[in-house]
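J.: Okay, handing you the structure first.
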Amino acid sequence: MKAIILLSLARHPLSGKIICSPNDLRALSMMSSMMGSTVDAELKESSDGASNGASNGASFELKAVHAGDPNESVMNEYLGYGLPAVDVIKTKKNEDPCPKLAKYLQQEKPQLVVAGMQALGGWGSGLVPYILAEQINYPLISGTISVALQDGQYNNDEQLLCSQYLPKGRRRDFIVAPPLFITVHLRAPNKPQFVWAQQQQGEIQKVAANANANNNVKYKKYNKSDKSSIQLTDNWDLAPADKKRSRLSIRSNRSGFERMQRAVSLSGGGGNIVKDGSVLEKAQITYNMIKQNDVYSEKK
Amino acid sequence: MNSIPRIDPHAANRGFLAASGRKRIARGRDLAEGEAFTASQQSAQHQLPQIVIKDPKEFVLVCLHSREGTLSNLDREVLYVGRVLAGRRTDCALTVIVFGDLEIDMRQHGADRVIILKDDRYTGYNQEEKLSALEHLIDKLKPQNILFGESAEGDGDLARRLAVRQNMSIAPGVIELDDNKVRRFCDGGWQQGTHELTDILILNSGTAEADFDFETQALMENKLAQIPTKASTKEPANASKVLQEMMRSLSANEVPLEEANFILSGGNGVKDFDKLLRLAKAIGASVGGSRVVVDDGKLPRECQVGATGKTVVASVYIAVGISGAVQHLQGIKDCRYVVAVNLDESCDMVKRADLSLICDAEEWMDSMLELLGEESRKSA
Ligand SMILES: Cc1cc2nc3c(=O)[nH]c(=O)nc-3n(C[C@H](O)[C@H](O)[C@H](O)COP(=O)(O)OP(=O)(O)OC[C@H]3O[C@@H](n4cnc5c(N)ncnc54)[C@H](O)[C@@H]3O)c2cc1C
């Protein structure tokens, strides 16, 4: 199965240097851990035998692509993380990479496209996966923390088993027929391993993907505004970042005293204090409370 | 000499009664002549100003997912921003679209109109279905702005899909906004972009105070909530080919503490930590602790909750024998329901807690284990 990972370059938050994007390295790390091993044990157990046929993930053929300057030396570093080659599509500075990337993906026809949640350099809006998925007509699952291949239980085609991060220890598992586009969550396991020899062996390949900016995608128009293509950064005033933030609030004309009094009276009272009664009764109260709050999980 | 006004602190009408029931004296807050000190007078004063929008002509939309019937702090901030933006126009209502059930009073959260979508088709990761509902409502209401939170429940995901599908202008990761400008960081935090308000705004946390000192109507828009099934339109080519979708929850020992939904935490008041661990296992809670016990090596460092430990967001947090130092309370500020088990009724943890049990920690743990043993025998 062919998988393509999208790589970007980031700017280091402290030094300002151009670096490999930590988000994309995480995605790469997740993919490489899937290649060598069988399905994630946690995932396998949970999907109730659905993954009985889980095959060795080694059948992923992983390619990487980056749209930008092919002479950027930092791209070389990605090779050290286990990529034999990276395809680089040349784009001009500030050019929208989406049309060319979409064209490239249409040519390559991968069954799986993998991207980080958000670029940590450039515009960093997290929109690129959505635009590409729309342009090449792939379903998209955001915020995944693992992906694996398995033999189909419905027919003989291969299927993807992927799991999505949700807060508070919840996960959502999907079995999906390819093709599929996924973004990788910040909580995905991340163990990037840089190997110098791999970097030396790897290769940056310049590829051409000639797409005219007006791809064949048609967008419906929202009648409020009249735009012909997605313009992400137009009319934005760019300036060096000012880290100070102020919170939006309605300026109230009440006095400081009144506001303080309100705060006091709202937080006043506090919770329910149980002092009398036996310890067993207090334990019973706790037990009822955890049952009510639906957090108690019966031991299996 | 008499020109300086003097206030007699012993006058009968001096001061007022605070909610706590104590008499307080503050400038300009005296009772009128002959009025009695009653608590009810206090609550009457605290009638919040009402915001009534009879016949809205314009709309601001907020779209969010509820979880267990409640909203997160980020959701509250987004609602607050929505209310402020709506308030800056005349006859403009804040309409809130909620995916999932809601148990809280939306009048205290700035909503003028509420649309609750909790059909089966909106549960799970059915983003296409949610998207078409949104598209339908946008078409009906023609909102000025549509607000989302950059939450882990999939709001930001939905917002981006909407922007791409409908080709609307979008500002993701908004860190600051006012009447007519939004600001976001880009280029890895080295640059910022400012722009007039876009169609879609995805807010990071920290954009607003979320201090709702007013009440709104929160009228249910049941008619709008009837969204026609899109049987007529043909399946889009990229309709998800998801063959199976299932939810699961990691068991308590697999969940990282920062994510845990249910935490049993022990402090200096606990002597037997084996017992604490046994109890945690029996009730399916993750284990946390205060810094003192972690420093003493009674629990591993990963378990430390607080300023120098982990910030937790559990729905239920049980603090056994923890005094509630500010450094510890900082770590549990986002916990929904806090239980204190402590001998000392006056400690800060009891002040913070929603439920406090004044008893010995060991005895309480014994009783809990006994009770759970009984329950499991009953059900067996
Ligand atoms: C820079 C700095 C950072 C810090 N960071 C953290 C942090 O991240 N996390 C943290 O937790 N602390 C932190 N602390 C320490 C914090 O100030 C407190 O010292 C600590 O939280 C106290 O832990 P405790 O509540 O377990 O212990 P104590 O303060 O000793 O409280 C024990 C409590 O148990 C009760 N008790 C005693 N016996 C029993 C019994 N038999 N049954 C029931 N209750 C009983 C007592 O009434 C008391 O309330 C920090 C301090 C500093 C200076």
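The values are calculated or read from the model by the stated rules, or taken from the named source; none is laboratory data. These figures come from a predicted structure and were not determined experimentally. Note: ideal-geometry Cβ built from the backbone for every residue, glycine included; neighbour counts use all protein chains shown.
J.: Evaluate the stretch A:249-258: report whether one residue or more is outside any strand (DSSP E or B), modelled with pLDDT of 70 or more and surrounded by 11 or more Cβ atoms within 10 Å (Cβ to Cβ).
T.: Narrowing the stretch A:249-258 to residues outside any strand (DSSP E or B): A:249-258.
Going one step further and asking which of them are modelled with pLDDT of 70 or more, we end up with A:249-250.
Restricting the remaining residues to those that are surrounded by 11 or more Cβ atoms within 10 Å (Cβ to Cβ) gives A:249-250.
Among the residues of the stretch A:249-258, at least one is outside any strand (DSSP E or B), modelled with pLDDT of 70 or more and surrounded by 11 or more Cβ atoms within 10 Å (Cβ to Cβ), which makes the answer yes.
J.: Looking at the stretch A:90-123, which of its residues are assigned to a strand (DSSP E or B) and buried (at least 21 other Cβ atoms within 10 Å of the Cβ)? Give the steps one after another, and end with the answer.
T.: Let us first name the residues in the stretch A:90-123 that are assigned to a strand (DSSP E or B), namely A:90, A:112-116.
Across the stretch A:90-123, the qualifying residues are A:Leu112, A:Val113, A:Val114, A:Ala115, A:Gly116.
J.: Among the residues of the stretch B:145-168, write down those that are touching a residue at least 60 places away in the same chain (Cβ under 8 Å), within 18 Å of B:Thr207 (Cα to Cα) and assigned to a helix (DSSP H, G or I).
T.: Our first condition is that a residue be touching a residue at least 60 places away in the same chain (Cβ under 8 Å); within the stretch B:145-168, this holds for B:145-151, B:153-155, B:158-159.
From what's left, within 18 Å of B:Thr207 (Cα to Cα): B:145-151, B:155, B:159.
Correct list: B:Asp155, B:Ala159.
J.: So for the stretch B:367-379 (the condition being of a type outside the set (Ser, Thr, Tyr), within 9 Å of the ligand (Cβ to nearest atom) and either touching a Ser or Thr at 6+ places or on another chain (Cβ under 8 Å) or within 8 Å of chain A (Cβ to nearest Cβ) (or both)), does at least one residue qualify? So that I can check it myself, show each step before the final result.
T.: Residues of the stretch B:367-379 that are of a type outside the set (Ser, Thr, Tyr), as a first pass: B:368-375, B:377-378.
Those still in the list that are within 9 Å of the ligand (Cβ to nearest atom) too: none.
No, there is no match, as no residue in the stretch B:367-379 is of a type outside the set (Ser, Thr, Tyr), within 9 Å of the ligand (Cβ to nearest atom) and either touching a Ser or Thr at 6+ places or on another chain (Cβ under 8 Å) or within 8 Å of chain A (Cβ to nearest Cβ) (or both).
Yes/no matrix, rows are residues, columns are (1) free of Cβ contacts under 8 Å to residues at least 60 places away in the same chain; (2) under 30 Å from B:Ala285 (Cα atoms):
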{"site": "A:Gly124", "(1), (2)": "yes, no"}
{"site": "A:Pro139", "(1), (2)": "yes, no"}
{"site": "A:Glu158", "(1), (2)": "no, no"}
{"site": "A:Ala177", "(1), (2)": "yes, no"}
{"site": "A:Ile182", "(1), (2)": "no, no"}
{"site": "A:Ala188", "(1), (2)": "no, yes"}
{"site": "A:Lys191", "(1), (2)": "no, yes"}
{"site": "A:Val195", "(1), (2)": "no, no"}
{"site": "A:Gln205", "(1), (2)": "no, no"}
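J.: Just checking, does the stretch A:147-157 include any residue being among the charged types (D, E, K, R), at pLDDT 90 or above, in a strand (DSSP E or B) and in contact with a strand residue (DSSP E or B) (Cβ under 9 Å, 6 or more places away or on another chain)? Walk me through it before giving the result.
T.: Filtering the stretch A:147-157 down to residues among the charged types (D, E, K, R) leaves A:151, A:157.
Pick out the ones that are also at pLDDT 90 or above and you get none.
For the stretch A:147-157, residues among the charged types (D, E, K, R), at pLDDT 90 or above, in a strand (DSSP E or B) and in contact with a strand residue (DSSP E or B) (Cβ under 9 Å, 6 or more places away or on another chain): absent.
J.: Answer yes if at least one residue in the stretch B:243-250 is in a loop (DSSP other than H, G, I, E, B), under 24 Å from B:Ala152 (Cα atoms), within 21 Å of the chain's Cα centre (by Cα) and facing another protein chain (nearest Cβ under 10 Å), and no otherwise. Talk me through it step by step, then tell me what you get.
T.: From the stretch B:243-250, those in a loop (DSSP other than H, G, I, E, B) are B:250; that's our starting set.
From what is left, the residues that are under 24 Å from B:Ala152 (Cα atoms) are B:250.
Pick out the ones that are also within 21 Å of the chain's Cα centre (by Cα) and you get none.
No, every residue in the stretch B:243-250 fails to be in a loop (DSSP other than H, G, I, E, B), under 24 Å from B:Ala152 (Cα atoms), within 21 Å of the chain's Cα centre (by Cα) and facing another protein chain (nearest Cβ under 10 Å).
J.: Pick out the one residue from B:Lys281, B:Lys275 that is under 19 Å from A:Gly169 (Cβ atoms), charged (D, E, K, R), surrounded by fewer than 19 Cβ atoms within 10 Å (Cβ to Cβ) and more than 11 Å from the ligand (Cβ to nearest atom).
T.: Numbers: B:Lys275 fails: under 19 Å from A:Gly169 (Cβ atoms).
B:Lys281 is the lone residue from the list that is under 19 Å from A:Gly169 (Cβ atoms), charged (D, E, K, R), surrounded by fewer than 19 Cβ atoms within 10 Å (Cβ to Cβ) and more than 11 Å from the ligand (Cβ to nearest atom).
J.: Okay, moving on. Within the stretch A:166-179, how many residues are assigned to a strand (DSSP E or B) and either more than 21 Å from B:Lys241 (Cβ to Cβ) or touching a helix residue (DSSP H, G or I) at 6+ places or on another chain (Cβ under 9 Å) (or both)?
T.: If we filter the stretch A:166-179 for residues that are assigned to a strand (DSSP E or B), which is where we start, we get A:166, A:170-176.
When the remaining residues are screened for being either more than 21 Å from B:Lys241 (Cβ to Cβ) or touching a helix residue (DSSP H, G or I) at 6+ places or on another chain (Cβ under 9 Å) (or both), the result is A:166, A:170-171, A:173.
Total satisfying the criteria: 4.
J.: Looking at B:Cys303, is it away from chain A (no Cβ under 14 Å) and farther than 22 Å from A:Gln284 by Cα? Outline the logic, then answer.
T.: On the way: away from chain A (no Cβ under 14 Å): yes; farther than 22 Å from A:Gln284 by Cα: yes.
Yes, satisfied.
J.: Looking at A:Ser146, is it among the polar types (S, T, N, Q) and facing chain B (nearest Cβ under 10 Å)?
T.: The answer is no for A:Ser146.
J.: Among the candidates B:Ala325, B:Ala319, B:Ala314, single out the residue that is in contact (Cβ under 8 Å) with a residue 12 or more places away in the chain and within 6 Å of the ligand (Cβ to nearest atom).
T.: Details: B:Ala319 fails: within 6 Å of the ligand (Cβ to nearest atom); B:Ala314 fails: within 6 Å of the ligand (Cβ to nearest atom).
When all the criteria are applied, what remains is B:Ala325.
J.: Considering only residues that are more than 9 Å from the ligand (Cβ to nearest atom) and not basic (Lys, Arg), which ones fall in the stretch B:289-311?
T.: Just the residues of the stretch B:289-311 that are more than 9 Å from the ligand (Cβ to nearest atom), to begin with: B:296-303, B:311.
The answer is B:Asp296, B:Gly297, B:Leu299, B:Pro300, B:Glu302, B:Cys303, B:Thr311.
Condition check ((1) under 22 Å from the mean Cα position of the chain (by Cα); (2) among the hydrophobic types (A, V, I, L, M, F, W, C); (3) more than 25 Å from B:Val164 (Cα to Cα); (4) more than 14 Å from chain B (Cβ to nearest Cβ)) across all residues:
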position	(1), (2), (3), (4)
A:Leu132	yes, yes, no, no
A:Leu161	yes, yes, yes, no
A:Val195	no, yes, yes, yes
A:Gln198	no, no, yes, yes
A:Gly202	no, no, yes, yes
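J.: Restricting to the stretch B:323-359, name every residue that is buried (at least 16 other Cβ atoms within 10 Å of the Cβ) and over 24 Å from the mean Cα position of the chain (by Cα).
T.: B:Ser323, B:Val341, B:Asn342, B:Cys347, B:Leu357, B:Ile358, B:Cys359
J.: Can I ask one more? For the stretch B:83-115, how many residues are in a helix (DSSP H, G or I) and either more than 18 Å from the chain's Cα centre (by Cα) or aliphatic (A, V, I, L, M) (or both)? Don't jump to the end; show me each part of the working.
T.: Our first condition is that a residue be in a helix (DSSP H, G or I); within the stretch B:83-115, this holds for B:83-87, B:106-109.
With the extra rule that they be either more than 18 Å from the chain's Cα centre (by Cα) or aliphatic (A, V, I, L, M) (or both), the set shrinks to B:84-87, B:106.
Matching residues across the stretch B:83-115 total 5.
J.: Determine which single condition B:Gln191 fails, assuming it passes every other condition in (1) more than 8 Å from every other protein chain (Cβ to nearest Cβ); (2) surrounded by fewer than 21 Cβ atoms within 10 Å (Cβ to Cβ); (3) more than 16 Å from the ligand (Cβ to nearest atom).
T.: All conditions are met except number (1).
J.: From the list B:Ser286, B:Ser265, exactly one residue is of a type in the set (S, T, N, Q), at pLDDT 90 or above, within 21 Å of B:Leu369 (Cβ to Cβ) and within 12 Å of the ligand (Cβ to nearest atom). Which is it? Reasoning before the result, please.
T.: Values: B:Ser286 fails: within 12 Å of the ligand (Cβ to nearest atom).
The unique qualifying residue is B:Ser265.
J.: Of the conditions (1) within 18 Å of A:Asp294 (Cα to Cα); (2) modelled with pLDDT under 80, B:Met247 clears all except one; give me its number.
T.: Only one criterion is unmet by B:Met247, namely (2).
J.: Separate question: Which residues, taken from the stretch B:43-82, are outside any loop (DSSP other than H, G, I, E, B) and over 20 Å from B:Leu134 (Cβ atoms)?
T.: Going residue by residue through the stretch B:43-82, those that are outside any loop (DSSP other than H, G, I, E, B) are B:43-45, B:50, B:58-65, B:67, B:70, B:73-82.
Residues satisfying the conditions are B:Ser43, B:Ala44, B:Gln45, B:Gln50, B:Thr70, B:Asn73, B:Arg76, B:Glu77, B:Tyr80.
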